[in-house]
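Okay, structure first, notes after.
The values are calculated or read from the model by the stated rules, or taken from the named source; none is laboratory data. What you are looking at is a predicted structure, and each value in this text was computed from that prediction instead of being measured. When we count neighbours, we look across all protein chains shown, and the Cβ atoms used for this are built from the backbone with ideal geometry, even at glycine.
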There are 2 protein chains.
Amino acid sequence: MTNHGEVFNALRAHLRKTSLVASASELLEWDERTGMPVDGREFRAEQVAYLSGLVHDMRTSPEIESWLDQLSGWSDADAPHGDVGATVRLVRKDYEKQKRLPKALVEAIASATVRGQGRWDAARKADDYRQFQPALDEMISLQRQAGECLADDGQTTYEALLDQYEPDAKADELSRVFANLRGELVQLLDEIKGSTRQVDETLLKKQYPVDGQRSLSRTLAEAIGFDFNRGRLDETSHPFCTNLGPSDCRILTRYDSSWLPGSIFGTLHEAGHGMYEQGLPQDWYGLPPGTYASLGIHESQSRLWENLVGRSAEFWQCFAPLMQETFGENIAAEKWHASFNRVTPSLIRVEADEATYNLHIIVRFELEQALISGELSTDDLPAVWNERYENVIGVRPPSDADGVLQDVHWSAGLFGYFPTYTLGNLIAAQLYAAADKSLGDLNGMIARGEFEPLLTWLRENVHAHGRKYSADEIVQNATGRSLSAEPLVASLRERYSLVYDVSPPASASTTSS
Amino acid sequence: MTNHGEVFNALRAHLRKTSLVASASELLEWDERTGMPVDGREFRAEQVAYLSGLVHDMRTSPEIESWLDQLSGWSDADAPHGDVGATVRLVRKDYEKQKRLPKALVEAIASATVRGQGRWDAARKADDYRQFQPALDEMISLQRQAGECLADDGQTTYEALLDQYEPDAKADELSRVFANLRGELVQLLDEIKGSTRQVDETLLKKQYPVDGQRSLSRTLAEAIGFDFNRGRLDETSHPFCTNLGPSDCRILTRYDSSWLPGSIFGTLHEAGHGMYEQGLPQDWYGLPPGTYASLGIHESQSRLWENLVGRSAEFWQCFAPLMQETFGENIAAEKWHASFNRVTPSLIRVEADEATYNLHIIVRFELEQALISGELSTDDLPAVWNERYENVIGVRPPSDADGVLQDVHWSAGLFGYFPTYTLGNLIAAQLYAAADKSLGDLNGMIARGEFEPLLTWLRENVHAHGRKYSADEIVQNATGRSLSAEPLVASLRERYSLVYDVSPPASASTTSS
């Protein structure tokens, strides 16, 4: 008779070993983006490719299939949301997807990713899109091949890529939600443009020494709950978060002496990602119960801390004294709050205000679908990018460095990734409203610098579940309803009603930030 | 018929892949020592152990034996110092050694190394040897097992460990050379103690801001020839150098605002190591022609730049203006030179002057032999350490943090490593004298900041050979004679004759620094 417990432990040990190699590979990539010597890139590409191939071999090992077969019909494995059942169910799904990807393609993508990022970085610095174009062409071709291998029946190539980041998402459904949100945002923007109040940008563009920003970033990340015994904060050109082990989460931000919000909100954002990773069940690191549910859920955690908490009036009531201490100037909390909520259509996604941010995503979402389907060529991409920016956001990039070259994603092979940012915004607002309802005086807590109740609520309602529930199920269980754009729109209206002459939301009591 | 070229290429490709995994493992260790979150240690230990096991599997793969067998009798493989011949010869040697080590022991050592360093670090900070003792006991036991597996006929367990760092070295021969050197050093020290001249230590212990030290370190490393496109300089508690790829060499130093020589000579030392790695044939990275010859040769490169160049009167003639620029004080070159050559018996090896440094090594060399043979127990180690320091160097450590806990080596499993430091000092002086003879006015070049001729001489006479020649052969070929203590003693006498009343060497023309 099969000893199911033993078979499951063998599966679990194999996946643990796989995570040891996978996270070594992630360290290679973190290091590459934080300070690897420039001439080290070729060897690093070879190295990341080899380790990626090794991980692929481990994830597609025939032993896995045999273990899964032996576990089928076992009652523990049939409880879909238990640790064991979810592991068996999701490992099966991942295994079947991985098996469809030829190892040579996995290695080619890993290698192209390292080289592509190098080309992108150089091209952006030189403001020369043509330097990057061949690497982009190669990456699109590789991603298209991957999408074709991964696509289930009824899935488009693009959806198969999207599925890697947001399981079961449908491109046409996203398009509908985004179109709806776009309508609401355009109306909101019109009200803001018509407002008699103006927000001064002086405070944002003043010189704030990088040393002060660095210490402020660390203090804020620590205050909201990022654990520095289990993580660290570094500097890079494009902020990100990567988790290198159950107690080793790396977040990265950037410092610009003449753009203070870049480091503050970059840090709060990445710390939000990091706190999610730190809240996942440690014992299950590298297995589904210890893994994030989807990138939309991941992004909801970063956006919640960055925007719902970090851009609230109460947050700046709490931290205005720290700003004075750090930079030596006495500025009223209301002025910081207004400045950090200034709305102005601009070119750079990562510096965009919340009213226009999702419009940046919509442009990328449309363009990347066209790149993958082949409707749009990379020859035409910069021109089309600039045209869309003008039409959708009302600004035209004066250079490709501020246009199509601004994001690392495509150079790193991340097609289908952008829409998860807007999903994250939607989910963040909905979770925040539910937490507020559950905890009572959340605004008061923030004003007093008490972030732990909110973090605990997120730990219990989101983090503790890992991947055992889908993004939809997590949202439904935590908030009592399915995903809706209403909480985000309500939250923006409430916040902007303090800054501009916009109507507050119809039912202001459900959100507050 | 065997196609030898193809077989050799298969061997070479396999070793290249092995180097990809091995250097990923080295990055994990570099990262652990530069800033990994403290709670990440357990997972990192598991990870390093797993990758070390993987590397061990690759290095002991039966395919290697089959390739080597097929290559035997091939004329290229019989040219012992050609790229191919040296590769076949040394891979065979390594393979046979590796095969004797059980994989479980390799993994246990890798894991104990990560944990041991953590214990050592905590114990040193707490000045509590007993916290570290269990980890040290475990490591000694593991190293003893390894030595027993590795020992050839006629080799002691300790010599088998030493052989890993200094191939073919004999403990009793080293003991004789060291005893000889010790006699010369004791006489030199007596002359210095009896000198009417005194060197003030004020300059060394003044406050020099860490930021200034950091920029100075980078400038000096760059000036002598460390290539920052192919390497970087970081900060750690115990300086070291690690090579992560053919164009990715990491050197690390430490900064103490009240101990300027720590960063300057730490940096010159590690840059010397780094320049050796950067000078090895890149195409053969991870294979014998692209690997250092021995740790004694490696150390000769660091000591040469640290001491023969970096502590010379001419070096400070060259850099006194930079010191003024960096720290804002006008101090004569002669005063820097005298201060950096101040002799005073002290407790900490890495801060020791050159006259006493090798006495620190002799203490460790004797104690580690006794620990491995079992003559000395870890219970008695701190007391015996303190007693030896008093007898040999004339100082008694007031605490274990400044005594037996000062070095990371034993916690990292490095038994048989210390004697290579003194070998390095001996070889450095002999190489420098030969370079001086060959290049003509080496002192004048240093005074003018021209370091390239010396680096080129080292590239040609040492670096270019990789491991194709033994340490002894490299010394013999580069200097025209076998290893002798005379050049080191002559060099020290010459330098100290400028600072203290000691007799210059009999034939001063053969050395100059």
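Looking only at the range B:480-501, decide whether some residue is at pLDDT below 90 and more than 24 Å from the chain's Cα centre (by Cα).
yes
For the range A:185-205, enumerate the residues that are surrounded by 15 or more Cβ atoms within 10 Å (Cβ to Cβ) and charged (D, E, K, R).
The answer is A:Glu191, and nothing else.
For residues that are over 21 Å from the mean Cα position of the chain (by Cα) and more than 7 Å from every other protein chain (Cβ to nearest Cβ), scanning just the range B:30-43, find the one that is nearest to B:Gly118 (Cα to Cα).
Of everything passing the filter in the range B:30-43, B:Arg41 is nearest to B:Gly118 (Cα to Cα).
Name the residue, out of A:Leu27, A:Leu15, A:Leu20, that is at the interface with chain B (Cβ under 7 Å from one of its Cβ atoms), at pLDDT 95 or above and out of contact with any strand residue (DSSP E or B) (no Cβ under 9 Å at 6 or more places or on another chain).
Only one candidate qualifies: A:Leu20.
Scan the range B:69-77 and give yes if some residue there is within 11 Å of chain A (Cβ to nearest Cβ) and either touching a Pro at 6+ places or on another chain (Cβ under 6 Å) or touching a residue at least 60 places away in the same chain (Cβ under 8 Å) (or both), otherwise no.
So far as the range B:69-77 goes, no, none of its residues is within 11 Å of chain A (Cβ to nearest Cβ) and either touching a Pro at 6+ places or on another chain (Cβ under 6 Å) or touching a residue at least 60 places away in the same chain (Cβ under 8 Å) (or both).
Is it the case that some residue within the range A:442-462 is buried (at least 23 other Cβ atoms within 10 Å of the Cβ) and over 30 Å from A:Ala333 (Cα atoms)?
yes
How many of the residues making up the range B:405-437 are within 30 Å of B:Thr456 (Cα to Cα) and assigned to a helix (DSSP H, G or I)?
The total comes to 19.
Only one of these conditions is not met by B:Leu105: (1) within 24 Å of B:Asp31 (Cβ to Cβ); (2) of a type in the set (A, V, I, L, M); (3) touching a residue at least 12 places away in the same chain (Cβ under 8 Å); (4) surrounded by fewer than 20 Cβ atoms within 10 Å (Cβ to Cβ). Which number is it?
Just one mismatch for B:Leu105, condition (1).
Would you tally the residues in the range B:228-259 being of a type in the set (A, V, I, L, M, F, W, C) and within 8 Å of chain A (Cβ to nearest Cβ)?
So the count comes out to 3.
Which condition does A:Arg44 not pass, out of (1) surrounded by 22 or more Cβ atoms within 10 Å (Cβ to Cβ); (2) without any contact (Cβ under 8 Å) to a residue 60 or more places away in the chain, if it passes all the others?
Evaluating A:Arg44 over (1) surrounded by 22 or more Cβ atoms within 10 Å (Cβ to Cβ); (2) without any contact (Cβ under 8 Å) to a residue 60 or more places away in the chain leaves (2) as the failure.
In the range B:375-404, which residues are more than 12 Å from B:Ile348 (Cα to Cα), β-branched (Val, Ile, Thr) and assigned to a helix (DSSP H, G or I)?
B:Val384, B:Val392
Determine which member of the set B:Asp190, B:Asp211, B:Asp172 is within 30 Å of A:Leu28 (Cα to Cα) and more than 17 Å from the chain's Cα centre (by Cα).
B:Asp211
Does the range A:184-203 contain at least one residue that is touching a residue at least 12 places away in the same chain (Cβ under 8 Å), in contact with a Lys or Arg (Cβ under 7 Å, 6 or more places away or on another chain) and closer than 29 Å to A:Arg124 by Cβ?
Yes: one or more hits.
Quick grid of which residues meet (1) free of Cβ contacts under 8 Å to residues at least 40 places away in the same chain; (2) small (Gly, Ala, Ser); (3) crowded, with 24+ Cβ neighbours inside 10 Å; (4) not assigned by TED's automatic domain parsing to the domain that holds A:Leu492:
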position: A:Gly266; (1), (2), (3), (4): no, yes, yes, no
position: A:Leu287; (1), (2), (3), (4): no, no, no, no
position: A:Arg303; (1), (2), (3), (4): no, no, yes, no
position: A:Gln317; (1), (2), (3), (4): no, no, no, no
position: A:Glu325; (1), (2), (3), (4): yes, no, no, no
position: A:Ala332; (1), (2), (3), (4): yes, yes, no, no
position: A:Arg364; (1), (2), (3), (4): no, no, no, no
position: A:Leu376; (1), (2), (3), (4): yes, no, no, no
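When you scan the range A:204-227, how many residues do you find that are in a loop (DSSP other than H, G, I, E, B), away from chain B (no Cβ under 14 Å) and either of a type outside the set (S, T, N, Q) or touching a Lys or Arg at 6+ places or on another chain (Cβ under 9 Å) (or both)?
Number satisfying all stated conditions: 3.
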